[in-house]
């Protein structure tokens, strides 16, 4: 376990938070850079299909059923995590299942650094999987900060493009909210070849 005294913000992490705010880069983009560059570009370009996706709808229902009344308030700092505990400096993301854990971790780490920079207090994170009754703790280590910096650089490259990157069919496509745009299939389609 990392103690608060052992954790320090790297100068590049502080710069990352300031640049992210300047360019409108937020937590979901950190999740998307780990999942799919097309999804990242579309989301950044304000193309939103999540409300049409049955998996996203299920996640919202599941989150509300397990954690009703605990959603956090971002205090005007441009983030929207699922839960904030200001007393213990813990930010949480709630996920239906543990698929693509690196993407969930990236999103949570971004929230952690934004909160740490804006409050001056080191925040830790929790990935919560209510269906599995599991909680994973994430700490703000130097290694995690460097990884976030690498992801930020990749995000900047993708969003600088004037059109989405080339699409690549992958396992994620089966349930993706952008499936209709990329592959002309809705998420309600049974077959996906």
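The values are calculated or read from the model by the stated rules, or taken from the named source; none is laboratory data. All figures in this text were calculated on a predicted structure; none of them were measured in a lab. Methodologically, a virtual Cβ is constructed for each residue, glycine included, from the backbone with ideal geometry; neighbour enumeration extends over all protein chains shown.
For region 147-164, which positions are in a helix (DSSP H, G or I) and farther than 12 Å from residue 109 by Cβ? Working first, answer last.
Filtering region 147-164 down to residues in a helix (DSSP H, G or I) leaves 147-159.
Within region 147-164, 153, 154, 155, 156, 157, 158, 159 meet the criteria.
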Q. Given the conditions (1) buried (at least 21 other Cβ atoms within 10 Å of the Cβ); (2) outside any loop (DSSP other than H, G, I, E, B), which single one is not true for residue 140?
A. (2)
Q: Sort out which residues of region 29-38 are assigned to a helix (DSSP H, G or I) and within 11 Å of residue 166 (Cα to Cα), and write them in order of number.
A: 37, 38
**Q.** Residue satisfying all of: in region 145-193; at pLDDT 95 or above and closer than 16 Å to residue 28 by Cβ; surrounded by the fewest Cβ atoms within 10 Å (Cβ to Cβ) among these
**A.** 156
Q: Test residue 92 against the criterion of being within 22 Å of residue 176 (Cβ to Cβ) and either in contact with a helix residue (DSSP H, G or I) (Cβ under 9 Å, 6 or more places away or on another chain) or part of a helix (DSSP H, G or I) (or both), and give yes or no.
A: no
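For every residue, the table says whether it meets (1) modelled with pLDDT under 95; (2) within 15 Å of the chain's Cα centre (by Cα); (3) farther than 17 Å from residue 157 by Cβ.
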{"site": "10", "(1), (2), (3)": "no, no, yes"}
{"site": "20", "(1), (2), (3)": "no, yes, no"}
{"site": "30", "(1), (2), (3)": "no, yes, no"}
{"site": "43", "(1), (2), (3)": "yes, yes, no"}
{"site": "63", "(1), (2), (3)": "yes, no, yes"}
{"site": "68", "(1), (2), (3)": "yes, no, yes"}
{"site": "71", "(1), (2), (3)": "yes, no, yes"}
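For residue 134, state whether it is out of contact with any helix residue (DSSP H, G or I) (no Cβ under 7 Å at 6 or more places or on another chain) and in contact (Cβ under 8 Å) with a residue 40 or more places away in the chain. Walk me through it before giving the result.
Working: out of contact with any helix residue (DSSP H, G or I) (no Cβ under 7 Å at 6 or more places or on another chain): yes; in contact (Cβ under 8 Å) with a residue 40 or more places away in the chain: no.
No; evaluated as a whole, the condition is false for this residue.
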Q: Looking at (1) part of a helix (DSSP H, G or I); (2) within 22 Å of residue 96 (Cβ to Cβ); (3) at pLDDT 65 or above, find the lone condition where residue 48 falls short.
A: (1)
